[in-house]
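**Student:** The structure that follows is given in the form of structure tokens.
Derivation of every value follows stated rules applied to the coordinates shown; laboratory data play no part. Small disclaimer: the values here were computed from a predicted structure and weren't measured. Neighbour counts run over all protein chains shown; Cβ positions are idealised from the backbone, glycine included.
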Amino acid sequence: MTVAVADVPAVPPDLLTVAHLSMRFGGLLAVDDLSFVARAGQITALIGPNGAGKTTVFNCITGFYRPTAGHIALERGDRSFDLDQLSGHRIARDAGVARTFQNIRLFPRMTVLENLLVAQHAKLMRASAFSLAGLLGLKGFREAEARAMSLAEDWLTRLGLVHVADRECGTLAYGIQRKIEIARAMCTEPCLLCLDEPAAGLNPRETAELSRLITSIRGEFGIGVLLIEHDMGLVMGISDRIVVLDHGACIAEGKPAEIRNNPAVIRAYLGEEDPRAGPGSTDAPGAGDGA
């Protein structure tokens with residue numbers, strides 16, 4: 001008799017490997033021997049109190065800082081990239097790492113459509129042979145230009161922003177600008193999307209929309225998402241894995257259920273437990289608000 005064996009879900013491949021990463025600014029050790037893995041098709045969150053080193057890690061991954069020590073590797077298809085050795089523009093262009101920032105960095109005097117096309121500038125420049133083919137109107141450049149426009153229009157449609165395509169970004173509501181910034185990053189067609197506090201300044205309705213957007217990106221495109229966020233409701237609701245930092249070091253790593261009640265994580269956010277405190281505190285990582 002043949003016994004049916006239940007299918008075992010495959011573990012997604014490693015996409016980003018951070019190994020023994022340290023970043024020092026003079027006498028300040030901002031990141032201390034940090035190691036973690038982010039997998040393709042998963043949302044990995046970096047959380048921790050203010051000053052824990054989260055954005056410094058992002059800046060090392062995306063080329064804004066050259067790490068003091070350690071190694072950052074990314075696997076894209078059959079190619080491997082040593083991100084700690086690449087310049088920032090190659091990390092974006094060749095390795096396929098895109099990011100957003102805590103403070104919105106759209107071009108405020110450009111239209112929404114123009115912002116999405118600017119994200120594809122490198123591809124268009126290559127297709128135009130650095131302007132020659134564009135000046136001559138050659139077929140290869142026209143096709144690349146049409147693809148860029150199609151991709152931008154697709155993201156406008158996905159986000160319900162077609163009606164503001166010709167509006168200057170600086171005139172739009174803050175929540176809409178947050179969406180546009182993610183769309184602009186996705187127009188680079190990344191394999192790793194790094195989101196630095198994307199819910200900052202959003203109201204609950206906008207945060208719920210953001211959660212759906214991030215999970216849809218993971219589900220439809222199968223890319224890795226690396227997320228820094230203080231809204232613990234969002235983090236616990238959408239993350240596949242969470243890495244917790246405190247004073248630049250990893251103090252916990254695991255699934256949301258494992259992190260929610262981890263004593264080391266609670267101490268990092270709240271300090272040592274005060275015996276006079278009541279049981280109703282809502283500031284711990286399991287609560288719905290930002291920590």
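**Student:** Quick check on V244: is it under 21 Å from V37 (Cα atoms) and part of a helix (DSSP H, G or I)? So that I can check it myself, show each step before the final result.
**Tutor:** Numbers: under 21 Å from V37 (Cα atoms): yes; part of a helix (DSSP H, G or I): no.
No, not satisfied.
**Student:** Which one of the conditions (1) surrounded by fewer than 22 Cβ atoms within 10 Å (Cβ to Cβ); (2) in contact (Cβ under 8 Å) with a residue 40 or more places away in the chain does A173 fail to meet, given that it meets all the rest?
**Tutor:** (2)
**Student:** Something else now. Within the range 205-258, how many residues turn out to be in contact with a Gly (Cβ under 6 Å, 6 or more places away or on another chain) and of a type in the set (D, E, K, R)?
**Tutor:** Count: 3.
**Student:** Now, a different point. Of everything in the range 154-170 that's in a helix (DSSP H, G or I) and either of a type in the set (F, W, Y) or free of Cβ contacts under 8 Å to residues at least 12 places away in the same chain (or both), which residue is surrounded by the fewest Cβ atoms within 10 Å (Cβ to Cβ)? Please lay out each step first, then the result.
**Tutor:** Of the residues in the range 154-170, the ones in a helix (DSSP H, G or I) are 154-158, 162-164, 169-170.
From the residues that got through so far, the ones that are either of a type in the set (F, W, Y) or free of Cβ contacts under 8 Å to residues at least 12 places away in the same chain (or both) too are 154-155, 157, 162-163.
Working: D154: 14, W155: 20, T157: 11, V162: 13, H163: 9.
Taking the candidates together, the pick is H163.
**Student:** A further question on this structure: How many residues are under 13 Å from the mean Cα position of the chain (by Cα) and either part of a helix (DSSP H, G or I) or without any contact (Cβ under 8 Å) to a residue 40 or more places away in the chain (or both) when one looks only at the range 180-198?
**Tutor:** Total meeting the criteria: 6.
**Student:** I'd like the full set of residues that are in contact with a helix residue (DSSP H, G or I) (Cβ under 8 Å, 6 or more places away or on another chain) and surrounded by fewer than 23 Cβ atoms within 10 Å (Cβ to Cβ), limited to the range 73-88. Steps first, answer last, please.
**Tutor:** Taking the range 73-88 first, the residues in contact with a helix residue (DSSP H, G or I) (Cβ under 8 Å, 6 or more places away or on another chain) are 73-74, 76, 81, 83-84, 86.
Scanning the range 73-88 gives A73, R76, F81, D84, L86.
**Student:** Pairs under 7 Å by beta carbon, first residue free of Cβ contacts under 8 Å to residues at least 60 places away in the same chain and over 18 Å from R99 (Cα atoms) in the range 201-227, partner among the aliphatic types (A, V, I, L, M) and in a helix (DSSP H, G or I), six or more apart or different chains?
**Tutor:** Pairs found: L202/L210; T207/L234.
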